[in-house]
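Enquirer: Take a look at the following structure, please.
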Protein chains: 2
Amino acid sequence: MTETSETVRTVAILSTGDEVVQGRIVDTNAAYIADRMARLGLDVVVQFTVGDYPERLEWAWRTALERADVIISTGGLGPTADDLTNETLGRVAGVKLVLDEEQADRIRRLFQSLGRPMPDNNLRQAMLPEGAVVVPNGLGTAPGYRLSIPVGARSPVAVVLPGVPRELKPMLEESVEPWLAARLGDGRSVVSRTFQTFGMSESAVDEAVADLIDPAEGRVAFRASFPEISVRLTVIGEEGEARERLRILGDRIAERLGPAVYAEGADTKMEAVVGDLLRSRKLHLTTAESCTGGLIGSRVTDVPGSSDYYAGGVVAYSNHLKEHLLGVSKTTLAMFGAVSEETACEMASGARKAAGADIAVATTGIAGPGGGTPENPVGTVAIALASAGTNGDELVLSKMYRLWGTRDWVKILTSQVALDWVRRHVLGLDPLDSNFGRRTGRRARG
Amino acid sequence: MTETSETVRTVAILSTGDEVVQGRIVDTNAAYIADRMARLGLDVVVQFTVGDYPERLEWAWRTALERADVIISTGGLGPTADDLTNETLGRVAGVKLVLDEEQADRIRRLFQSLGRPMPDNNLRQAMLPEGAVVVPNGLGTAPGYRLSIPVGARSPVAVVLPGVPRELKPMLEESVEPWLAARLGDGRSVVSRTFQTFGMSESAVDEAVADLIDPAEGRVAFRASFPEISVRLTVIGEEGEARERLRILGDRIAERLGPAVYAEGADTKMEAVVGDLLRSRKLHLTTAESCTGGLIGSRVTDVPGSSDYYAGGVVAYSNHLKEHLLGVSKTTLAMFGAVSEETACEMASGARKAAGADIAVATTGIAGPGGGTPENPVGTVAIALASAGTNGDELVLSKMYRLWGTRDWVKILTSQVALDWVRRHVLGLDPLDSNFGRRTGRRARG
């Protein structure tokens, strides 16, 4: 069976699994895939979710094949008996399952390299419908594949991917999207630029950008992916012209949003931007975390090579550790409390000294749900940044914020503000300019 | 038209809206509704998502009405031209839209109470298909409703709700669920138990449990939510009998899986289990993290009230901090290297001393992608646990692991193994029994 060379215009997305259809997990895969397809200018006509039942899966596949040129499915490729995607597609396409020796070998080698015996049922993952073209999985045992399935005069294509997000994302972006991009037809190009912003609300970003772009020239879409808001500009047209228009309109957006834009590019994280800045300026960072509990350190070290600029730091959750490892004075803690700019400043200073770093950032606050008081309700957070001044002295900035949301939100938002402080500081911008519920701001020289 | 009094067994969920089908927002409504239906013992046969197109909506409704006894839809009830649910249902049911005067009055009053003029198009929201039974919306303008729609000899019921989560949730829970609960029929109950496991692969868990449960007696489903695997047992029958069967079969699964089960209950996290154990035994924990970079601290402090048992710790990413804050000796670092059981042991000991804690857990390893060597490839991780011995001395355990995957996986897996060590230690189980690529294990008394 050969693959279609037809133009692809419509896509259906099929999520499988009892855990999804019964609502035990939220299906983020479907939204992710739909968003990627929309970026290619493709029309997502329907998303389906069905459980692990042969009849329901078969019905869903047949229905989807009627409705779209390409059907992308996730899930059902695991080694266990309730993983039914391969059998179902074999039945729907009217072909038998055959062992893909190359994939079988790869799975065997994967287990060998881990020094673990391979359970027999893992070989089921290499039993693919005849005619399947493998979509390589670099991170897991289950191979994905494409399979062309004749339906009357049409040849819609099933694209089968595993349900694990970290496996399916590179498979979609590195294998499936280039294949799709070659089938969009007639010189039409869809190009886009994405700006990552932090520090403005979604409606503030919307208002700032609203009058900039004529809808006939480009389309602006916002995506709030807490704590960031991304702004995506999409332009459709003949390739050269579209790219030029994209450049001009995109620059206009970037200028309007100013320092709230911390990166261009989809999915660029604040910690990666901060890391690049620190490395390029040969600066070293340390952290002194109370309410974030290690989250800033963990985010900083999510970036490969972060040991080049991050020494580590102290998670000073108790006052004991604030005193003993960071040198915060008993008097400060007694007079101003653990959640105060004064304590945050001493934490930052102490961490900077202990680590011999250029920059230290400190957090102390009330993440909730307990611990709030009338003066310091849940969400009250002090942030401080200590850095080397010009004459060997130290510059310390601090500010109290009143943040909002659940415990995890307060932690994430605090870590994001702290990292944004480092970014702004290194860029020579004023960290105190972030607009999250400021109460006070001060500068000190220690 | 009168409503069905038929027994309800199957449900379809229909989400509408371009923003959902194009992936600009993740559809959490569908998962929420599915979970509520599963709790009622109803079978969710399919979830659909379609955009705001008359033909697609009509197709989705007709398809859903064929497949289920009740179809719950969200979205498409707003005042603007792309809100098409009422028109679509009128067409599908073959009835005309009529103004519901009571709802029209309610909408007018809502605007009055806000002191705002009512845009004319808001009255569209009160134009409901003839025969609709209103589901009151206490928080927004759009009324919901139920509508029985004959399909051959059947009378499936459309349940129409707005897409705003804070409006739809009380409508579902306060109006729709009681209506459904009266239609479940003949004392049938669906009951389930969920076990959270760590330390066995999905296929190993599957193999361990495979022969235990006769499919006629209960259904076992696995969910791999890295780094955990959950095992859910579902039993259907008359309530008392089903509960008793669930107890017996569930205990059989728990016994077979042994200490790999760290919790019973859906979505219970390892850090919460460790927190409960530490609190109940009045033990204090500290952390000394190198390759996890603060992730263990962050996970521990994700749990509300964790300051009761967590003092904080040190993120000792650099050797400098390992020496200066944790007292790891230069000699150890030089002789054995930063990634060694010896260094991990001294990190744990040093942290325990610095924090005055009962238990310290330490991690040091190579998270990758760079930094691997032939002897210590990426994924090589040493973990150590220091605790008070019986005579005031200190017991230190350590082990080298060879983990796998990308940087974030190595970090997550290491943090999970470290937390599992604390759990096993507090429970009097042997931490060295985890089965992740063990190379060596040793015990020392310092």
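Enquirer: Picking from A:ALA344, A:ALA338, A:ALA311, which residue would you name as being under 22 Å from B:ARG352 (Cα atoms) and in contact (Cβ under 8 Å) with a residue 40 or more places away in the chain? If you could, list the steps in order and put the result at the bottom.
Expert: Values: A:ALA344 fails: under 22 Å from B:ARG352 (Cα atoms); A:ALA338 fails: under 22 Å from B:ARG352 (Cα atoms).
It is A:ALA311.
Enquirer: I would also like to ask the following. Name the residue, out of A:ASP206, A:ASP211, that is modelled with pLDDT under 85, surrounded by fewer than 20 Cβ atoms within 10 Å (Cβ to Cβ), acidic (Asp, Glu) and out of contact with any Lys or Arg (no Cβ under 7 Å at 6 or more places or on another chain).
Expert: The conditions single out A:ASP206.
Enquirer: Out of region B:403-430, which residues are touching a Phe, Trp or Tyr at 6+ places or on another chain (Cβ under 8 Å) and not in a helix (DSSP H, G or I)?
Expert: Going through region B:403-430, the residues touching a Phe, Trp or Tyr at 6+ places or on another chain (Cβ under 8 Å) turn out to be B:403, B:409-410, B:412-414, B:416-417, B:420, B:423.
Hit for region B:403-430 is B:LEU403, nothing else.
Enquirer: From the set of residues in region A:50-62 that are open to solvent by 10 Å² or more (accessible area, probe 1.4 Å) and either at pLDDT below 95 or out of contact with any helix residue (DSSP H, G or I) (no Cβ under 7 Å at 6 or more places or on another chain) (or both), which is nearest to the other protein chains (Cβ to nearest Cβ)?
Expert: Here is the first cut: in region A:50-62, the residues open to solvent by 10 Å² or more (accessible area, probe 1.4 Å) are A:52-56, A:58-59, A:62.
Imposing the further condition that a residue be either at pLDDT below 95 or out of contact with any helix residue (DSSP H, G or I) (no Cβ under 7 Å at 6 or more places or on another chain) (or both) reduces the set to A:52-56, A:59.
Working: A:ASP52: 8, A:TYR53: 9, A:PRO54: 13, A:GLU55: 10, A:ARG56: 6, A:TRP59: 8 Å.
If we take residues in region A:50-62 being open to solvent by 10 Å² or more (accessible area, probe 1.4 Å) and either at pLDDT below 95 or out of contact with any helix residue (DSSP H, G or I) (no Cβ under 7 Å at 6 or more places or on another chain) (or both), then A:ARG56 is nearest to the other protein chains (Cβ to nearest Cβ).
Enquirer: Quick test for you: out of A:ALA81, A:ALA104, A:ALA68, pick the one residue that is surrounded by 22 or more Cβ atoms within 10 Å (Cβ to Cβ) and among the hydrophobic types (A, V, I, L, M, F, W, C). Steps first, please.
Expert: Numbers: A:ALA81 fails: surrounded by 22 or more Cβ atoms within 10 Å (Cβ to Cβ); A:ALA104 fails: surrounded by 22 or more Cβ atoms within 10 Å (Cβ to Cβ).
One residue alone meets the criteria, A:ALA68.
Enquirer: Need the failing condition index for B:TRP404 against (1) within 29 Å of the chain's Cα centre (by Cα); (2) without any contact (Cβ under 8 Å) to a residue 40 or more places away in the chain; (3) farther than 29 Å from A:GLU167 by Cα, just the number.
Expert: (3)
Enquirer: In contact with a strand residue (DSSP E or B) (Cβ under 9 Å, 6 or more places away or on another chain), over 30 Å from A:ARG223 (Cβ atoms) and of a type in the set (A, V, I, L, M, F, W, C): which single residue out of A:ALA334, A:ALA344, A:ALA263 fits that description?
Expert: Just one listed residue meets the conditions, A:ALA344.
Enquirer: Further question: Checking the structure you have, find out if any residue of region A:158-173 is surrounded by 15 or more Cβ atoms within 10 Å (Cβ to Cβ), over 23 Å from the mean Cα position of the chain (by Cα) and basic (Lys, Arg).
Expert: no
Enquirer: For region B:374-412, which residues satisfy the criterion of being open to solvent by less than 10 Å² (accessible area, probe 1.4 Å) and polar (S, T, N, Q)?
Expert: Across region B:374-412, the qualifying residues are B:THR380, B:SER387, B:SER398.
Each row is one residue, and each column tells you yes or no for (1) part of a loop (DSSP other than H, G, I, E, B); (2) within 12 Å of chain B (Cβ to nearest Cβ); (3) under 13 Å from A:TYR145 (Cα atoms).
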residue: A:SER73; (1), (2), (3): no, no, yes
residue: A:THR80; (1), (2), (3): yes, yes, no
residue: A:VAL92; (1), (2), (3): no, no, no
residue: A:GLN103; (1), (2), (3): no, no, yes
residue: A:ARG106; (1), (2), (3): no, no, no
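Enquirer: Let me ask something else about it. Which count do you get for residues in region B:71-111 that are over 24 Å from B:LEU139 (Cα atoms) and among the aliphatic types (A, V, I, L, M)?
Expert: Number of matching residues: 3.
Enquirer: Here's a follow-up. Does A:VAL8 satisfy the criteria of being facing chain B (nearest Cβ under 7 Å) and of a type in the set (A, V, I, L, M)?
Expert: Numbers: facing chain B (nearest Cβ under 7 Å): no; of a type in the set (A, V, I, L, M): yes.
Spelling it out, it is not the case that A:VAL8 is facing chain B (nearest Cβ under 7 Å) and of a type in the set (A, V, I, L, M).
Enquirer: Kindly evaluate B:ASP267 against the criterion of being open to solvent by 30 Å² or more (accessible area, probe 1.4 Å) and modelled with pLDDT of 95 or more. Please lay out each step first, then the result.
Expert: On the way: open to solvent by 30 Å² or more (accessible area, probe 1.4 Å): yes; modelled with pLDDT of 95 or more: no.
No, not satisfied.
Enquirer: Within region B:215-264, restricting attention to residues that are within 24 Å of B:LEU413 (Cβ to Cβ) and of a type in the set (Asp, Glu), which residue is least open to solvent (accessible area, probe 1.4 Å)?
Expert: Among them, the one singled out is B:GLU228.
Enquirer: Name the helices (runs of 4 or more DSSP H) wholly inside region A:233-315 in which the number of residues that are within 11 Å of chain B (Cβ to nearest Cβ) and under 25 Å from B:VAL378 (Cα atoms) is 2 or more. Explain how you work it out, then say what you get.
Expert: Working: elements: A:239-257, A:270-280, A:295-300.
Here the list reads A:295-300.
Table: residues versus (1) over 32 Å from the mean Cα position of the chain (by Cα); (2) buried (at least 18 other Cβ atoms within 10 Å of the Cβ); (3) at the interface with chain B (Cβ under 7 Å from one of its Cβ atoms).
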| position | (1), (2), (3) |
| --- | --- |
| A:THR16 | no, yes, no |
| A:ARG24 | no, yes, yes |
| A:THR28 | no, no, yes |
| A:ASP35 | no, yes, yes |
| A:ARG39 | no, yes, no |
| A:PHE48 | no, yes, yes |
| A:ALA64 | no, yes, no |
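Enquirer: OK, next. I'd like the full set of residues that are at pLDDT 95 or above and buried (at least 21 other Cβ atoms within 10 Å of the Cβ), limited to region A:308-317. It would help to see each step written out before you state the result.
Expert: Residues of region A:308-317 at pLDDT 95 or above: A:308-310, A:312-316.
A:TYR309, A:TYR310, A:GLY312, A:GLY313, A:VAL314, A:VAL315, A:ALA316, listed by residue number.
Enquirer: Could you check region A:1-70 for helices (runs of 4 or more DSSP H) lying wholly inside it with 3 or more residues that are of a type in the set (A, V, I, L, M, F, W, C) and in contact (Cβ under 8 Å) with a residue 24 or more places away in the chain? Spell out how you get there, then give the answer.
Expert: Numbers: elements: A:18-21, A:28-39, A:54-67.
The qualifying helices (runs of 4 or more DSSP H) are A:28-39, A:54-67.
Enquirer: Which one of the conditions (1) under 25 Å from B:VAL378 (Cβ atoms); (2) open to solvent by less than 50 Å² (accessible area, probe 1.4 Å); (3) at pLDDT 90 or above does A:LEU114 fail to meet, given that it meets all the rest?
Expert: (3)
Enquirer: If you don't mind, there's one more thing I want to ask. I need every pair where a residue in region A:129-150 that is more than 16 Å from A:LEU114 (Cβ to Cβ) has its Cβ under 7 Å from the Cβ of a residue that is crowded, with 17+ Cβ neighbours inside 10 Å and aromatic (Phe, Trp, Tyr), sequence separation at least 6 or different chains.
Expert: A:ALA132/A:TYR145; A:VAL133/A:TYR145; A:VAL134/A:TYR145; A:VAL135/A:TYR145
Enquirer: Output the residues belonging to region A:328-352 that are assigned to a helix (DSSP H, G or I) and under 18 Å from B:GLY312 (Cβ atoms). Write out each step before concluding.
Expert: Filtering region A:328-352 down to residues assigned to a helix (DSSP H, G or I) leaves A:330-336, A:341-352.
A:LYS330, A:THR332, A:LEU333, A:THR343, A:ALA344, A:GLU346, A:MET347, A:ALA348, A:SER349, A:GLY350, A:ALA351, A:ARG352 - these are the residues of region A:328-352 that are assigned to a helix (DSSP H, G or I) and under 18 Å from B:GLY312 (Cβ atoms).
Enquirer: I want to confirm something. Restricting to region B:359-373 and keeping residues that are more than 12 Å from chain A (Cβ to nearest Cβ) and of a type in the set (A, V, I, L, M, F, W, C), which single residue is surrounded by the fewest Cβ atoms within 10 Å (Cβ to Cβ)?
Expert: B:ILE359
The values are calculated or read from the model by the stated rules, or taken from the named source; none is laboratory data. Please read these numbers as outputs of a predicted model, since none were measured by experiment. Every residue, glycine among them, receives a Cβ derived from its backbone with ideal geometry; neighbour counts consider all protein chains shown. Side chains are part of the model used for accessible areas, which takes the heavy atoms of the whole protein and leaves out ligands, DNA and RNA. Shrake-Rupley method; radii C 1.70, N 1.55, O 1.52, S 1.80 Å.
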